[in-house]
Amino acid sequence: MKEYPVITVTGGQFTIVDGFLLQWGKQFPSDISSKHAKGLLTPGGWYVLRNTYNPISLTKMQLMESNFLLTSDIALFHVITGLVYVRFVFRSGKYFCRRVTKQSGTHRACLIRLERVMGGKVKYIVYDKPVKSDFKYDTTALREQQLRDISKIEPMLELRSNSITDFSVDNLKGFEMPDIMFVSEDILLKIKSYPITRDKIQHIRDSEEKCKAEELGKLGRQLLAYTLGRSEWRLKKLKEYFDSKEEFQPMKEDFTNVWDKCKAQTESYLKDIGKYVYSKLIKEWYKETRGTESSINTISERYINTISERYSIVGGFLVDVVGRKLVNQKSANFVLTATESERKAIEGYYLQDWNVIKLTKEVFPVQEKELFDIVGASKEDMWEDKNGVIYNKYSKGRKKKKLRCISLHFNDFGWKHICESIVEEAEPEPVPKDEGTLFHFQFKKDTPFCVQEEYILLVKDLREISTYASQRKYYVNYFARFKDMFEQSLRQ
């Protein structure tokens, strides 16, 4: 999932969305090259944002011939004010964006007033999804025009970029580096007021966790009730079959006793299965869905997504399995050396933003042990505080932990550490031994052998339904059905 930096300075709070430098609560994006932005951000804040995210989308808009720039990032329209509605018109061989009323608009946009542009002074940042979800609008031609515009101004962008890099990290001595938080997209879209604080973010997370726990609890109860209902239906059908056979009636007392035991055993086992197995299934489901943008991409049994003979995606990271190292998917080296099919293949995945790792003060935790297996990570001394946060330095109250780590070096930012998350050992699933007494049979001397044989098979079927292994299998299969129905509903 996308994460956005929130930088807090005396002049306010800023973030970067799709290459735009945005100040919370303001109507227009800021120009990173302006003296005003440098003054507001402080030298430390300006340096971090300029050299980490390089937010020059506003500069692109200033230089482009088109009066619009498409974005697929809805968060932009949540941070800044000034929402308008637009339509696209085709005139003189080009597309133009025109402001219209809400009723006749096809897309949402932010109106931007620019001082230095090649063309008009008003341009629009347009959200590429149409206002009405059932309205299909092909933006291919618009994207192609945008790419042509950007390719024309690339030399000017490079000159502009070089001209504003007027100091390095050495000039920052004596300046305090700003406070930087990272906010995920789902959290950012729920924030209704600023300033953004860690307490506010944690409150939203806690509320989400509470809702999630309630939903998971509801699903767990439904799954348990459904599995129990289907098992009782099977038991009932066997009982009905017994009652329909006149020759079985002399064994009615014994059969009723066995049937009651099987029913009680089924209920008992399902309670244990719901307690110990359900959480495992949810964790596996969550792990399957991590890292993929859609269900188009398949996840292997060990959650290693193979891109090519050289590259795989594990835990949201692109891994060079030959060189046994992590690869920044946005690095110039990867862009130049990867094949077109490799670059295209990773587009369907949410990959970890390396800027987050670069600017994170704490150790960056990752759950997937396979990532550390592939790169051959060794164990290092780390330190855990009372809240479970991991650090690479000792401080009072922190407990020493031996964890596998991957170290990455960033120019001007030093060494950063990715470590294997501390995972609490799940309570072992108690697999009981099923009662063997259910196999004890007593028949009258005159009971025909064929009747005895059929009755024994009936009781064995009864017994098989009520075993722990059978109930667990039913439960897991029904969970898979619930999951498939849920995923299908998302595709519709």
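Of note:
- Some residue of segment 121-129 being at pLDDT 90 or above, surrounded by 12 or more Cβ atoms within 10 Å (Cβ to Cβ), basic (K, R) and over 19 Å from L83 (Cβ atoms): no
- Selection status of R99, surrounded by 15 or more Cβ atoms within 10 Å (Cβ to Cβ), touching a residue at least 24 places away in the same chain (Cβ under 8 Å) and not in a loop (DSSP other than H, G, I, E, B): no
- Considering segment 4-91, the qualifying helices (runs of 4 or more DSSP H), each wholly inside and each with 3 or more residues that are among the β-branched types (V, I, T) and crowded, with 18+ Cβ neighbours inside 10 Å, run over 35-52.
- Test result for K344, without any contact (Cβ under 8 Å) to a residue 24 or more places away in the chain, surrounded by fewer than 19 Cβ atoms within 10 Å (Cβ to Cβ) and assigned to a loop (DSSP other than H, G, I, E, B): no
- Segment 178-206, residues that are within 18 Å of the chain's Cα centre (by Cα) and of a type in the set (G, A, S): S184
- Applying the criterion of being in a helix (DSSP H, G or I) and either of a type in the set (S, T, N, Q) or surrounded by fewer than 10 Cβ atoms within 10 Å (Cβ to Cβ) (or both) to the residues of segment 424-452, the residue that is modelled with the highest pLDDT is C450.
- The C-beta contact set for segment 372-386 (first residue in contact (Cβ under 8 Å) with a residue 60 or more places away in the chain, second residue crowded, with 19+ Cβ neighbours inside 10 Å, distance under 7 angstrom, 6+ apart or interchain) comprises I374/V314; I374/V319.
- Top-ranked residue in segment 300-321 [being surrounded by fewer than 17 Cβ atoms within 10 Å (Cβ to Cβ) and in contact with an Asp or Glu (Cβ under 8 Å, 6 or more places away or on another chain); ranked as nearest to S421 (Cα to Cα)]: R302
- Picking from residues in segment 235-275 that are out of contact with any Leu (no Cβ under 9 Å at 6 or more places or on another chain) and closer than 15 Å to K473 by Cβ, the one that is surrounded by the most Cβ atoms within 10 Å (Cβ to Cβ) is Y269.
- Against the conditions (1) in a helix (DSSP H, G or I); (2) at pLDDT 85 or above; (3) of a type outside the set (A, V, I, L, M), R404 satisfies every one except (1).
- S421 vs. criteria at pLDDT 80 or above, hydroxyl-bearing (S, T, Y) and under 19 Å from L371 (Cα atoms): yes
- Test for F334: is it crowded, with 16+ Cβ neighbours inside 10 Å, touching a Lys or Arg at 6+ places or on another chain (Cβ under 6 Å) and in a helix (DSSP H, G or I): no
The values are calculated or read from the model by the stated rules, or taken from the named source; none is laboratory data. The structure displayed is predicted, hence computed values, not measured ones. All Cβ positions, even for glycine, are placed from backbone atoms using ideal geometry, and neighbour counts span all protein chains on display.
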